[in-house]
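Working notes for the structure below.
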Amino acid sequence: MTVEKKVPEIRFKEFSEQWQSLSLDKITDVYDGTHQTPTYTNNGVMFLSAENIRTLTSQKFISEKAFKEEFKVYPQKNDVLMTRIGDVGTANVVETDDDKAYYVTLALLKYKQLSPYFLKSSIASPYVQKDIWLRTLHIAFPKKINMNEIKQVNVNCPTNSKESDKIGNYFQKLDNLIKQHQKKHDKLSNIKKAMLEKMFPKQGETIPEIRFKGFSGEWEESNLEKCTDLLTGNPFNSKEFTSEGFFLVRGMNVKRGYLDSSPDISEFWPSSKGLERYLLEPEDIVVQMDGALIGKSYAKIKSINLPAILVQRVTRIRCSEVNSEFIYQYIQKDFLKHISGIKTETAVPHLSLHDIRAFSIFLPEIEEQNSIGSYFQKLDALINQHQQQINKLNNIKQACPVCQPKPEPVDFKITSK
């Protein structure tokens, strides 16, 4: 006969015992938050709900008196909070002993002996997420998982608590690295947002608030029709697409700041014959003209995107007399404002080429354009570096099977004496 052997695919070398599957109520004490909407105060005890799960910080507070009356059990250091209404099954570890109140949208998993960071990572694993999904009331609005179902969610656990501690520490370090890169990413993104406002003229003005040393004078008003070459793509009615060749840049491929060439949405054409005018070049800017994300979906062509052909309902902006990076950053700053009052609100919102041509910009001398473009290009590169590290670390975290024991058959024979 056979039995299933519960061991992770990868584990620390000093451990060899089988794991066991236990319900959450066996390894934690499970509570839910207050069902009453509290009376908020300007300060006091922080009040958490499902929307705060990522940071476990909130700008909502209740009074000390209300906290003592309502919360006999509350989150403390090493407890785990998990979302249970709306967003279901996202967990985080409480890392301080500061008093915290919490709403019914969160479940409190009280620390016993199992590493809280191991538990957090286990809850995020496909094995536990599937169990949570099966126990969730999807017909409810918003969807939710009841407390008695949370208690029965199964988690694979090592029998040796030292192993869970070691695994927990590993994932804690990964999470801390992700947080560090996210913090730097967010800081740089905020700097960029502020500098876009200060290094380009505000509405009704012709001089920016901040300039590089050596530049002065008013900027000259213009628009995209005057200073760039605009072209909409070629309509493709044929279904004779190929799996390789010339990448067809369609609206669905244009995202905010990049081209998405994922296999499930990408199509190719075998030749550029007869389509030469639609070939894209490095530094071209492409803007989506249809869909809910128009005004937000634009990208700059890089050599890795080529060879590529422009398709209908996407506009190509080519800069020969102006700095393309300068124009690209100007689009990020003001294009959404420009189209907010002119886009056609139909079943599928869309822009016309005329709408894009009319986008108003102010131009300094080319040397100042170059300096501004270079500054933002370097800033974007730093932001992208941190995003790539975040993606890499998240992929490592998701791919690591240390919290996901893989059942393996073990044969043994019963012999008679």
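If you take the square roots of the eigenvalues of the alpha-carbon gyration tensor of the stretch 151-293 and sort them as a ≥ b ≥ c, do you get rounded (a/c under 1.5), prolate (a/b over b/c) or oblate? Mind showing how you got there, number by number?
Values: a/c = 3.36, a/b = 1.32, b/c = 2.55.
Cα axes put the stretch 151-293 in the oblate bin.
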_Inter-centroid distance (Cα atoms) of the stretch 145-216 relative to the stretch 347-385, Å_ = 25 Å
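Could you tell me whether the stretch 331-397 comes out rounded, prolate or oblate from its Cα gyration tensor? Rule is a ≥ b ≥ c as square roots of the eigenvalues, rounded for a/c under 1.5, then prolate if a/b exceeds b/c, otherwise oblate.
Working: a/c = 4.44, a/b = 1.30, b/c = 3.42.
Verdict is oblate for the stretch 331-397.
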*Calculate for the chain the 222 nm mean residue ellipticity that helices alone would give, adding -39,500 (n - 2.57) per DSSP H run of length 4 or more and normalising by residue count, nearest 500 deg cm²/dmol.*
-10500 deg cm²/dmol
*Once you have a ≥ b ≥ c as the square roots of the Cα gyration tensor eigenvalues for the stretch 257-334, tell me rounded if a/c is under 1.5, and otherwise prolate or oblate according to whether a/b is larger than b/c.*
oblate
*In debye, nearest 20, what is the charge dipole magnitude of the stretch 216-305 about its Cα centre with +1 on Lys and Arg Cβ and -1 on Asp and Glu Cβ, if you could check?*
300 debye
*Determine the share of the stretch 169-250's accessible area contributed by carbon and sulfur atoms, expressed in whole percent, with a 1.4 angstrom probe.*
49 percent
*asked:* I'd like the accessible area for W269: 1.4 Å probe, protein heavy atoms, all chains in place, Å² to the nearest 10.
replied: 50 Å²
_Using 0.36 nm times the number of residues separating C227 and K65, minus their current alpha carbon distance, what extension gain do you get?_
51.9 nm
_Counting other C-beta atoms within 10 Å, and keeping those with at most 15, which DSSP coil GluC sites (Glu not before Pro) do you find in the stretch 90-175?_
E95
*With a 1.4 Å probe and every protein chain left in place, work out the accessible area per residue of the stretch 64-155 in Å², rounded to a whole number.*
48 Å²
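If you roll a 1.4 angstrom probe over the protein chains with everything in place, what fraction of the accessible area of the stretch 1-138 belongs to carbon and sulfur, to the nearest %? Each step should come with its number before you reach the end.
Values: 3580 of 7370 Å².
Whole-percent figure for carbon plus sulfur exposure: 49.
Nearest 0.05, what FRET efficiency do V73 and I366 give at R0 = 45 Å with Cβ-Cβ as r? Before the final figure, lay out the partial values.
Values: r = 66 Å, r/R0 = 1.47.
Rounded to the nearest 0.05, the efficiency is 0.10.
Using a probe radius of 1.4 Å on heavy atoms only, what accessible surface per residue do you get for the stretch 243-294? Whole Å² is fine. Could you put the intermediate results ahead of the total?
Details: 2770 Å² over 52 residues.
Accessible area per residue, the stretch 243-294: 53 Å².
Test of the criteria: in the stretch 240-289, which trypsin sites (Lys or Arg not before Pro) are in a DSSP loop and have at most 11 other Cβ atoms within 10 angstrom of their Cβ? Write out the running numbers ahead of the final one.
Working: sites: R250, K255, R256, K273, R277; in loops: R250, K255, K273.
Loop-located and lightly packed - K273.
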*asked:* Using a 7 Å offset from the Cα along the Cα-to-Cβ direction at both S261 and E9, what is the distance between the two label points in nm, to one decimal?
replied: 2.8 nm
*So, with a 1.4 angstrom probe, what is the percent of accessible area on the stretch 263-370 that is carbon and sulfur?*
53 percent
_chymotrypsin sites (Phe, Trp or Tyr not before Pro) restricted to the stretch 1-80 and DSSP loop, no more than 15 other C-beta within 10 Å_ = F12, Y40
*Taking R0 as 45 Å, what's the FRET efficiency between S16 and S58 from their Cβ-Cβ distance, rounded to 0.05?*
0.55
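The values are calculated or read from the model by the stated rules, or taken from the named source; none is laboratory data. It should be emphasised that the depicted structure is a prediction, and the values quoted were computed from it without experimental measurement. Every residue, glycine as well, gets a Cβ built from its backbone with ideal geometry; the counts of neighbours run over all protein chains shown. Accessible surface is based on the protein model in full, side chains and every heavy atom, while ligands, DNA and RNA are left aside. Shrake-Rupley method; radii C 1.70, N 1.55, O 1.52, S 1.80 Å.
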